[in-house]
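The block underneath contains the structure these notes are about, expressed in structure tokens.
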């Protein structure tokens, strides 16, 4: 989601005295969080929105079946959400299913970095630098996912559009882009359903802004959603048989977001959406199948 009045800066990457030391520090820091998150996952479980019943985490993969796209939403700064994403990836991989990981966190222009990381051609320091070039959340939140993908040679897909394009659309609208910028983008408009429009309005603070400002902000959101959907469709069509776990913010992973854009472009691609339960907007007492298929419970 485009954030108002926010300047994105890449955090500094401090040179480490040795790669082994850095790996050891990362692994040690992750152990307590990993153990705590495993306890939470298996104690709280998953909520099946359609059947209105609680599932064990071990039952989830059976429910997902041969689903092509599994969206697992997140609040970017919640480490438990990222461990939940890793758990879904792990379940697919351990059942010997061909799996790939699609990432909001990397722009499409850095796909080669992801390919090199998985293949072992990019070292840890260079990859962390590339990560911070793309994303401004601490590496430790996502590090377990990237390390697992490298260890098991799981392909990773860069989904995101260049941030300067999104910010330009938010400031001046989609029509302000130069022809060469538009070439790589699907056409967009703020043609969204009522629920998603209300979500974008809340994010934008619409009541304190003018209608033109909201329209530009909405177009920026749709540039984000449609580009990521386009990238997913492209990957699935060229890699039949691979099941893709989509790691993205809950606002994008929510059914009116990227999933709807995928369905509009390729209705034959099956998808399921798993979102973390929220005390307010996305709670088991009020959620519907129009929002998601499953809720992770207790990961506040």
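Here, each number is a calculation from the coordinates, and none is a lab measurement. Owing to the predicted nature of the structure, the values given are computational and were not obtained by experimental measurement. As a convention, Cβ positions derive from the backbone with ideal geometry for all residues, glycine included, and neighbour counts pool all protein chains shown.
By the count of other C-beta atoms within 10 Å, a proxy for reagent exposure, 86, 124, 285 are ordered fewest to most as 285, 124, 86. Subtracting the Cα-Cα distance of residue 289 and residue 167 from their residue separation scaled by 0.36 nm leaves 40.7 nm.
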